[in-house]
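Each reported figure results from applying straightforward, stated rules to the coordinates on display, with no laboratory input. As the structure is a prediction and not an experimental result, all values here were calculated from the model. All Cβ positions, glycine included, derive from the backbone under ideal geometry; neighbour counts span all protein chains shown.
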Amino acid sequence: MLRIVVLGAAAGGGVPQWNCGCPVCRTARSEQPDLQSTQASIAVSCDGTNWFLVNASPDLRQQLTATPQLHPKHGQLRHSPIAGVILTNGEIDAITGLLSLREGSPFSVYAHARVLDILRDNSIFNVLGEKNVKRLPIEVDRPFEPALPDGAPSGIEVLAFPVPGKGAWYLEGKAHPTGGDAAGDTLGLRIADKASGKYFFFLAACARATDELKHRIKGAPLVFFDGTVWRDDELIVAGLGQKTGQGMGHIAMSGKDGAIESLAGLDIARKVFLHINNSNPVLLNGSHERRHAEQAGWLIPADGTEIVL
Ligand SMILES: [Zn+2]
C-alpha cells in the first residue's frame with residue numbers, strides 16, 4: 001500500500017502570496033479562505049508509520065502541524081515519522097523547508113549531485129549536521145530504496161529521471177556550483193511500494209511533455225503533474241510579472257502542447273495538478289478553466305488531500 005498526503009499544492013509564494021493582489025489571492029484572503037494553499041510538497045509512506053517528503057517547502061512547519069500522520073509518536077519526547085526528504089530540484093520552494101527540520105532528529109536528504117552542490121554551497125544548510133542528516137546523491141535512471149533512520153530498508157523504491165526544466169531561478173545569470181544548466185536540475189520521480197508493486201509519478205516541475213515522458217507515464221495509476229500556469233503568458237497578461245511559464249521551466253495546463261492535452265489518452269487513472277501558481281484561474285471554483293480541467297479528469301487538490309494506492 002502507498003499512502004500519499006498532499007502537504008501543499010501551490011507554486012512558489014503559495015496562495016495567497018504575500019505581496020499579490022491578483023483575483024485568486026484577494027479571494028483567498030477574504031470570501032474563500034479555503035483557497036489558501038501552501039507550497040508544493042507531498043509525504044509518502046508504504047507502512048503508514050515512516051514517511052518520506054518529496055521536497056521541503058518554506059511552509060513545512062505549518063504543513064507538519066496540519067498533518068497528524070507526521071506528528072511525533074505519542075509518549076515520545078523527541079520523535080518524527082519523517083525518515084527522509086527527496087529533493088527534485090534546488091528551487092527555494094523545494095529546499096528551504098529543510099531549515100525547519102534542524103532540531104537534531106535523524107533523517108536523510110536525497111538529491112541529485114547538482115542540488116547537493118547548492119546545499120553545500122550555502123552554509124546556512126550546515127545547520128543540518130552530518131551526524132544526524134545524511135546527504136545522499138540520487139543517480140538518474142537507477143532505482144534506489146531510501147533507508148529508515150536506523151538503516152532498515154523502507155520498502156519504497158524511487159526511480160529518478162531527468163525531465164525538461166530549468167535550473168533554480170535565483171541562480172539565473174550566475175554560476176551554478178556545478179556549472180551550466182543540465183539534466184539533473186529537474187527530476188521526475190517514480191515511487192513504488194516494493195511489496196505491492198503500486199506506484200505513482202511525481203512531476204511537479206516539467207517544461208514539456210516529451211514523447212519519452214509520455215511513454216514512461218502511460219497507464220500509470222497516479223500522476224502528480226506541473227500545474228503552475230493555465231496559459232504560458234498568464235503572468236504577463238495579468239500584469240503580475242515578465243516571465244512566461246516556459247521561461248520558468250513550466251508547461252502550461254491549456255493549449256495544444258499543454259499538460260491537459262498532452263496527457264489525454266495516456267490511460268492514466270488519476271491525474272493531479274501540483275505546484276499551482278496563485279495567478280492560475282483554475283484555482284477559482286466555478287471558473288471555466290476549473291471546469292475544463294475537471295472535465296478532462298484532473299484533480300485540483302486541497303492541502304491535506306490523502307490518496308491511497
Ligand atoms: Zn496572486
Item to check | For region 78-148, alpha-carbon Rg and Dmax in angstrom | outcome: 11.7, 36
Checklist entry - Relative contact order for the chain: what is it in percent, counting Cα pairs under 8 Å that are at least 6 residues apart? => result 20 percent
Next on the checklist: Need one word for region 19-79: rounded, prolate or oblate. Basis is the Cα gyration tensor (sqrt eigenvalues a ≥ b ≥ c); a/c below 1.5 gives rounded, then a/b vs b/c decides.
Outcome noted: prolate
Checklist entry - Calculated FRET efficiency, A264 and K198, Cβ-Cβ r, R0 22 Å, to nearest 0.05? => result 0.40
Checklist entry - Across the chain, where is the longest run that never hits trypsin sites (Lys or Arg not before Pro) in a DSSP loop with at most 11 other C-beta atoms within 10 Å? => result 175-255
Checklist entry - Once a ≥ b ≥ c are taken as the square roots of the eigenvalues of the Cα gyration tensor of region 109-252, is the result rounded (a/c under 1.5), prolate (a/b larger than b/c) or oblate (a/b not larger than b/c)? => result oblate
Next on the checklist: List the chymotrypsin sites (Phe, Trp or Tyr not before Pro) within region 1-91 that DSSP assigns to loop and that have no more than 15 neighbouring Cβ atoms inside 10 Å.
Outcome noted: W18
Checklist outcome for this item: Given Cβ charges of +1 for Lys and Arg and -1 for Asp and Glu, the option among V54, T67, S80 whose Cα lies farthest towards the positive end of the dipole of region 1-135 is S80
Checklist entry - Which of these, A152, A11, A113, has the largest mean-square fluctuation under a Gaussian network model of the chain (Cα springs below 10 Å)? => result A152
Checklist entry - Taking the alpha-carbon set of region 1-111, what are its Rg and Dmax in Å? => result 14.8, 45
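For region 36-123, calculate the relative contact order in percent as a whole number, restricting contacts to Cα pairs under 8 Å that are 6 or more residues apart. Walk me through the intermediate numbers first.
Details: 135 pairs, mean separation 24.7, N = 88.
About 28 percent, as a whole number.
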Checklist entry - If region 183-244 were replaced by its equivalent ellipsoid, with semi-axes equal to the square roots of 5 times the Cα gyration tensor eigenvalues, what would those be, largest first, whole Å? => result 30, 11, 11
Item to check | Net dipole in debye of the chain [+1 Lys, Arg Cβ; -1 Asp, Glu Cβ; about Cα centre; nearest 20] | outcome: 340 debye
Checklist entry - How much of the calculated P(r) for region 175-309 lies past 22 Å, in percent of all Cα pairs? => result 39 percent
Checklist entry - Where does the charge balance sit around K194 when Lys and Arg score +1, Asp and Glu -1, over other residues with C-beta under 12 Å from its C-beta? => result -3
Item to check | Calculated SAXS-style log₁₀ I(q)/I(0) at q = 0.19, 0.25, 0.33 Å⁻¹ - region 62-107, Debye, Cα scatterers | outcome: -0.68, -1.09, -1.36
Item to check | Theoretical gain in end-to-end length, A113 to E294 [0.36 nm per residue, Cα-Cα removed] | outcome: 61.4 nm
Item to check | Hz values of 3J(HN,Hα) by residue in region 37-53 - Karplus curve (6.51, -1.76, 1.60), Gly and Pro given as x | outcome: 8, 8, 6, 4, 6, 10, 10, 10, 8, 10, 10, x, 10, 9, 10, 10, 8
Checklist entry - Out of P221, P23, P68, any idea which swings most in a Gaussian network model of the chain, alpha carbons joined below 10 Å? => result P68
Next on the checklist: Quick check: from the Cα gyration tensor, does the chain come out rounded (a/c under 1.5), prolate or oblate?
Outcome noted: rounded
